[in-house]
Amino acid sequence: MKATNETREDWLTRLYLTAFPNVALHIARQGGLLDEAKDIFQDALVIYYEKAVSGNVQLTHSEQAYLLGIAKHLWYHQQQKQKGHVNEDVLNFMELANEEPLQPSANRLLRYLERAGQKCMEILQAFYYDKQNMKEIAERFGLSGERSATVQKHKCLEKVRNKVKEKSLTYEDFCV
């Protein structure tokens with residue numbers, strides 16, 4: 001590849017903008033984090049760039065597909081390496097597993113559910129405890145249909161999630 005610094009920069013920027021989202025999505029689906037996706041993509045981009053500069057690339061599909069393939073390969077090998085190592089998180093988990101498990105406090109959970117409102121509590125109870133389907137919930141609460149019941153349940157859950165996030169609470173905050 002023969003290019004000036006400006007066109008090389010434009011080329012790399014275009015590849016980053018068009019190929020990175022697919023790489024990030026693949027890695028996220030595999031349980032990876034955004035920072036890991038960025039690292040993998042950077043490595044894949046370097047490999048692709050070196051091959052392109054040396055003329056050793058024969059594309060059968062798009063550059064984006066080629067980069068995704070390199071990234072998948074790098075991610076797979078990184079995961080295989082990590083399987084052979086027991087990291088600190090695993091050791092901490094194993095220590096915690098030997099301790100008495102924390103039990104969620106129904107009263108603490110109930111307080112956050114109550115903040116979502118009476119109707120939300122009743123909808124969530126109907127779905128999760130009474131095992132009613134969305135059609136039954138719609139009829140019970142006078143909603144226009146199943147879709148409306150689903151949306152309402154989602155809004156109720158969001159209210160609770162937002163309160164938990166607002167207070168930066170963790171699982172342990174709900175345990176005794």
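The values are calculated or read from the model by the stated rules, or taken from the named source; none is laboratory data. From a predicted model like this one, the values you see are computed outputs, not experimental measurements. Reconstructed Cβ throughout: ideal geometry from the backbone, glycine too, with neighbour counts over all protein chains shown.
A few comments on the model shown:
Here is a yes/no grid of residues against (1) at pLDDT 75 or above; (2) charged (D, E, K, R); (3) out of contact with any Pro (no Cβ under 9 Å at 6 or more places or on another chain):
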{"residue": "Thr4", "(1), (2), (3)": "no, no, yes"}
{"residue": "Glu9", "(1), (2), (3)": "yes, yes, yes"}
{"residue": "Thr13", "(1), (2), (3)": "yes, no, yes"}
{"residue": "Thr18", "(1), (2), (3)": "yes, no, yes"}
{"residue": "Gln30", "(1), (2), (3)": "yes, no, yes"}
{"residue": "Glu36", "(1), (2), (3)": "yes, yes, yes"}
{"residue": "Leu45", "(1), (2), (3)": "yes, no, yes"}
{"residue": "Ile70", "(1), (2), (3)": "yes, no, yes"}
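- Single residue of segment 151-162 satisfying the filter (of a type outside the set (D, E, K, R) and modelled with pLDDT under 90) that is nearest to Met121 (Cα to Cα): Cys156
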